[in-house]
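Read the figures in this text as sums done on the coordinates, not as results from a lab. Nothing here was measured: the structure is a model prediction, and the numbers come from that model. Ideal geometry is used to build each Cβ from the backbone, glycine not excepted, and the neighbour counts take in all protein chains shown.
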Amino acid sequence: MSIKNIFLITGGSGFIGSAVVRNLLRFSENLVINVDKLTYLKSFKGLEKYKEYKNYHFFKLDINSEKINKILIKFKPKYIINIAAETHVDKSIMFSNKFINSNILGTYNLLECCRKTLKNNFFFVQVSTDEVYGDLKNNNKIFHENSPYDPSSPYSASKASADHLVRSWVKTYKFPACITNSSNNFGPYQTPDKLVPLTIMSCIQNKKIPIYGNGKQERNWIYVADNAEAIIKVAKFGKPGSNYNIGSRNVLKNINLVRYICKKMDKFYPMKNSHLKLISYVKDRPGHDFKYDIDSSKIREEIKWNEKDNFEKNMDKTILWYINNSSYFKNHSIKKNR
């Protein structure tokens, strides 16, 4: 096996991170180092079959740890993709200190470890979110790469802070880095405290599907495998100092998405009554942004990235995966969605 590319993925056992790792391990020329402290799932089956791969190494480690330096010295990765982050908005409202520690201080530690240890012989990708741009409210505007940051929650504020750190390292230290800002992801292996798996698992368990407020909040939805491919392309072909929005052309109101999934579940997992009857409206959460939508033309034009399949095919794949793997999440409590 001839190794050509060495990737260090932080948060590589999470939802987006594991999709990136799975993509990279399709090719034996890639050596993949996964650093993750396994916050959300203690035993992540999304990467179980790769444990014996000679080109895959896993380290259970916090990105704030000084041991990051030892990994950098040992493997000398060409690409560092920072996906490690606390991501649940509701939890950020209750436990903001965890988000400051992981998302801001953790990113700072990675930046300094890479700068001092690798001497700029690498490329760094900071994986961020469209939530840093704030709320489009109820209008026809769309976020671009030059849109100002205006975060609304402790989660999005911590991600915005981390992005600013990366930008400042690029300007001050000539640090070779890019930022990706992706829209809402969906796909297999996502924990059911997010809207899509929460809806599917609620249907399977015949439980109420909680919808914040009136459910008319709008989101741009991208399949996680498409986002993973885009992130890898940015690592390989992105311009230092640039940021790239990664999204789709699928913008849906939350309530319309939930109804769409319920109708699909009526087909794939029929019950006595329609799953639509499980929809339940609950009190809206504080600081809930009404609309996110992003322009992804820059990455499509500069890096020649595009989605593989359409929204319906990807949602069908996602729903069927959860139906066939529902026991995987049987001990994971269903909570309110984002």
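Quick check: net charge around ASN306, other residues with Cβ under 12 Å of its Cβ, Lys/Arg +1 and Asp/Glu -1?
For residues surrounding ASN306, the net value is 0.
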Check: Suppose R0 equals 22 Å; then what is the FRET efficiency for ASN310 and PHE27 from their Cβ-Cβ distance, rounded to the nearest 0.05?
Finding: 0.30
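For the stretch 96-228, would you read off the P(r) tail past 24 Å as a percentage of all alpha carbon pairs? Before the final figure, lay out each step's value.
Values: 3729 of 8778 pairs.
The calculated P(r) of the stretch 96-228 puts 42 percent of pairs beyond 24 Å.
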Check: Per residue and in cubic angstrom, what volume does the convex hull of the Cα atoms of the stretch 77-151 have?
Finding: 110 Å³
Next item on the list: Work out, step by step, the length gained on full extension between LYS137 and ASN121: first 0.36 nm times the residue separation, then minus their alpha carbon distance; give nm to one decimal.
Entry: 1.5 nm
Next item on the list: Mind checking the full-extension length gain between LEU105 and HIS164? Use 0.36 nm per residue of separation minus the Cα-Cα distance, one decimal, nm.
Entry: 20.0 nm
Next item on the list: Please report the Cα spread of the stretch 35-171 along all three principal axes, rounded to whole Å, starting with the longest.
Entry: 51, 37, 27
Checklist line | Cβ-based charge dipole, the chain, positive-most Cα from GLN217, LEU111, GLY11 | finding: GLY11
Notebook entry, point to check: In Å, what Rg and Dmax follow from the Cα atoms of the stretch 227-325?
Noted result: 17.6, 56
Check: Where is the GNM fluctuation largest for the chain (alpha-carbon springs, 10 angstrom cutoff): VAL224, VAL234, VAL170?
Finding: VAL170
Check: Cross-link partners among aspartates and glutamates for LYS98, C-alpha distance below 13 Å, same-chain residues fewer than 8 apart left out?
Finding: ASP62, GLU86, ASP90
Checklist line | Value at 222 nm in deg cm²/dmol, rounded to 500, when DSSP H runs of n ≥ 4 in the chain each add -39,500 (n - 2.57) | finding: -11000 deg cm²/dmol
Item checked: Options VAL282, LEU257, ILE294, ranked by Cα towards positive dipole end of the stretch 237-338, top entry (Cβ charges) -> VAL282
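Give me the percent of DSSP beta bridges within the stretch 170-280 that run antiparallel, rounded to the nearest 5.
Antiparallel bridges: around 25 percent, rounded to the nearest 5.
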Next item on the list: Could you point to the label whose value was computed as volume of the Cα convex hull per residue in Å³ for the structure here, given [x] 126; [y] 246; [z] 146?
Entry: [x]
Checklist line | Relative exposure of LEU195, LEU38, judged by other C-beta atoms within 10 Å (fewest first) | finding: LEU38, LEU195
Note to self: Once you place label points 7 Å from the Cα toward the Cβ at TYR269 and ASN256, how far apart are they in nm?
What the structure shows: 2.4 nm
Notebook entry, point to check: For the stretch 161-319, how big is the tail of P(r) above 27 Å, as a whole percent of Cα pairs?
Noted result: 34 percent
Next item on the list: Give me the net charge of TRP169's neighbourhood, meaning all other residues with Cβ under 12 Å from the Cβ of TRP169; Lys, Arg count +1, Asp, Glu -1.
Entry: +3
Note to self: If R₀ is 45 angstrom, what is the calculated FRET efficiency for the pair ILE3 and MET94, using the beta carbon separation as r and rounding to 0.05?
What the structure shows: 0.55
Next item on the list: Grab the other residues whose beta carbon is less than 9 angstrom from that of PHE123, score K and R as +1, D and E as -1, and report the net.
Entry: +2
Next item on the list: Please report PHE95, PHE15 as a ranked list, fewest other C-beta atoms within 10 angstrom at the top and most at the bottom.
Entry: PHE95, PHE15
Next item on the list: For each of ILE179, ILE93, ILE104, count neighbouring Cβ atoms within 10 Å of the residue's Cβ, then give the residues from fewest to most.
Entry: ILE93, ILE104, ILE179
